[in-house]
1. So for the chain, averaging the separation of alpha carbon pairs under 8 Å that are six or more residues apart and normalising by length, what relative contact order in percent results?
2. Sequence-distant or interchain residues sharing an amide H contact under 5 Å with residue 38, placed H: which?
3. For residue 63, list long-range residues whose amide hydrogen, built 1.01 Å from N in the peptide plane, is under 5 Å from its own amide hydrogen.
4. Toward the positive end of the charge dipole of the chain, about the Cα centre and with charges on Cβ (Lys, Arg +1; Asp, Glu -1), which of 144, 104, 69 goes farthest?
5. Please go through the residue pairs 42/123; 102/158; 102/187; 88/187; 139/187 and name each one whose alpha carbons sit more than 28 Å apart in this structure.
6. Please give the charge dipole size of the chain, origin at the Cα centre, charges +1 on K and R Cβ atoms and -1 on D and E Cβ atoms. Round to the nearest 20 debye.
7. Size of the dipole of the range 88-187 about the Cα centre, Lys and Arg at +1 and Asp and Glu at -1 on the beta carbon, nothing else charged, in debye to 20?
8. Would you kindly calculate the translational diffusion coefficient of the chain, applying Stokes-Einstein with the Kirkwood radius from alpha carbon pairs, for 25 °C and a viscosity of 0.890 mPa s, and quote it in µm² s⁻¹ without decimals?
Amino acid sequence: MSRPLIAALLVGLLASSARADDSKLPGPKIVLPEVAGLTRQKPNLFKEAGQGYSVSYFGKDTSLTVTLYVYNLGRDRIPPGAGSDAVKAEMLDSLNALEANKTSGRYKAIAPAGETTVTPAGKGGPEFRRRRYEIDITKEGEGTTELYLTGYKDHFVKIRTTYLDRDRTECEKQVAKLLEVLSAELK
């Protein structure tokens, strides 16, 4: 088999996808990618319409958990991209949800480790506001959790990743691939 054909087959296996075309899912229709090394769960529709839905991914051989949220909180307009006041305010609210993990005992500690804006799909792709936190998960160990947030078609698209330090290298590769494929869908 020729190298170009093998490469094409590998790319297909790394990023096949399925459409979130369930008529019950609110908001923009987004292709939910399949990524090698991750298991995608079925979408979870929240009871309150403004809460939208979520889709979780779990590492097959790693501690990685990724959850994609698509929601609008009942708003009619959410500006696109990562720079709006709405996205900045929602990022602060998301921090409160993370802090609740410490209050509940899930996390022993949580400390900010930086904020930036990233464009996972490269030039022309959507920008996400990203915040990273170093965490200590009760009975599991030290790790990282990240929040990625952008406005897209009058909805928030939020991605939360969590993984343990022991799997950092592999998890970062899986997160990068998932973000790249998903971001290309949001162009």
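FYI, it's all coordinate maths here, none of it is from the lab. What you are looking at is a predicted structure, and each value in this text was computed from that prediction instead of being measured. In this analysis, Cβ positions are derived from the backbone assuming ideal geometry, glycine residues included, and neighbour counts consider all displayed protein chains.
1. On the way: 373 pairs, mean separation 39.6, N = 187.
Relative CO of the chain lands at 21 percent.
2. Those lying under 5 Å, H to H, from residue 38 are 60.
3. Residues meeting the criterion, in which the H sits 1.01 Å from N, are 164.
4. The one lying farthest along the dipole's positive direction is 69.
5. Working: 42/123 30 Å; 102/158 21 Å; 102/187 36 Å; 88/187 21 Å; 139/187 40 Å.
Where the Cα-Cα span goes over 28 Å, the pairs concerned are 42/123; 102/187; 139/187.
6. Numbers: 28 positive and 24 negative charges, 62 e Å.
So the dipole magnitude of the chain works out to roughly 300 debye.
7. Values: 18 positive and 17 negative charges, 27 e Å.
Dipole about the Cα centre, nearest 20: 120 debye.
8. Details: Rh = 17.2 Å.
This corresponds to a translational diffusion coefficient of 142 µm²/s.
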